[in-house]
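Worksheet for the structure shown next.
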Amino acid sequence: MIELIHQRQPTNNSCVSTCLAMLAGLPAEVVIATHHDDYFLRLRSPLAIMEDMGMMAVPLSSLSNVSCHEGCVYLVAVQSLNCAQTSHQIILDCRHPDGYRIYDPQMGNDGCRFYVPHFQEDNCLEPLAVKFEGGWVADFRIFECPALGVIS
């Protein structure tokens, strides 16, 4: 199974672009330079940008706070842990038989809190890690992307 390569978001408002960069297999700076302003100014939807980048995805509006489907990859909106009253985008990868993986673009940024799987042992948590347990909405199910190929 091909694994995503984690990237850190370079600015406080580039989580969506950084997640798309991980799925596209491109540096975050490239996706930010080519798509971030259009997304942030609401000139283009994430779905349109994903299609331009060779991804196939389906928008979701009702999959929230439930178990993800095994074998699937999702773009997920969560409460930001670093900016009050804002959302944050992460990738939820449910292709692993031993549990899901979270790709949070805030992980590794100085002083920023980030999400980890809820089943991670407390004694293994980094000081800024927060268990992923509730309050999320799956925005898109990813069916194909350059970094992973076709996903079941």
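Taking the condition of being surrounded by 15 or more Cβ atoms within 10 Å (Cβ to Cβ) and not hydrophobic (A, V, I, L, M, F, W, C), how many residues in region 6-26 meet it?
Result for region 6-26: 8.
Just to be sure before I move on: is GLN120 over 13 Å from the mean Cα position of the chain (by Cα), under 25 Å from PRO10 (Cβ atoms) and at pLDDT below 95 in the structure I sent?
Here the answer is no, as GLN120 does not meet what is asked.
I need every pair where a residue in region 6-32 that is touching a residue at least 60 places away in the same chain (Cβ under 8 Å) has its Cβ under 6 Å from the Cβ of a residue that is basic (Lys, Arg) and surrounded by 15 or more Cβ atoms within 10 Å (Cβ to Cβ), sequence separation at least 6 or different chains.
none
Say whether the condition of being surrounded by 13 or more Cβ atoms within 10 Å (Cβ to Cβ) and within 13 Å of the chain's Cα centre (by Cα) is met by at least one residue in region 123-131.
no
List pairs: first residue in region 94-115 and under 17 Å from ALA77 (Cβ atoms), second residue small (Gly, Ala, Ser) anywhere in the structure, Cβ distance under 7 angstrom, at least six positions apart or on different chains.
CYS94/GLY71; PHE114/ALA129
Looking only at region 15-33, decide whether some residue is modelled with pLDDT under 95, farther than 20 Å from VAL130 by Cα and assigned to a loop (DSSP other than H, G, I, E, B).
No, region 15-33 contains no residue that is modelled with pLDDT under 95, farther than 20 Å from VAL130 by Cα and assigned to a loop (DSSP other than H, G, I, E, B).
Quick grid of which residues meet (1) surrounded by 20 or more Cβ atoms within 10 Å (Cβ to Cβ); (2) at pLDDT below 95; (3) touching a helix residue (DSSP H, G or I) at 6+ places or on another chain (Cβ under 6 Å); (4) aliphatic (A, V, I, L, M):
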| position | (1), (2), (3), (4) |
| --- | --- |
| ALA57 | yes, no, yes, yes |
| CYS68 | no, yes, no, no |
| CYS72 | no, yes, no, no |
| GLN89 | yes, no, yes, no |
| ARG101 | no, yes, no, no |
| CYS112 | no, no, no, no |
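The values are calculated or read from the model by the stated rules, or taken from the named source; none is laboratory data. The structure displayed is predicted, hence computed values, not measured ones. Note that we place each Cβ from the backbone using ideal geometry, even for glycine, and neighbour counts take in every protein chain shown.
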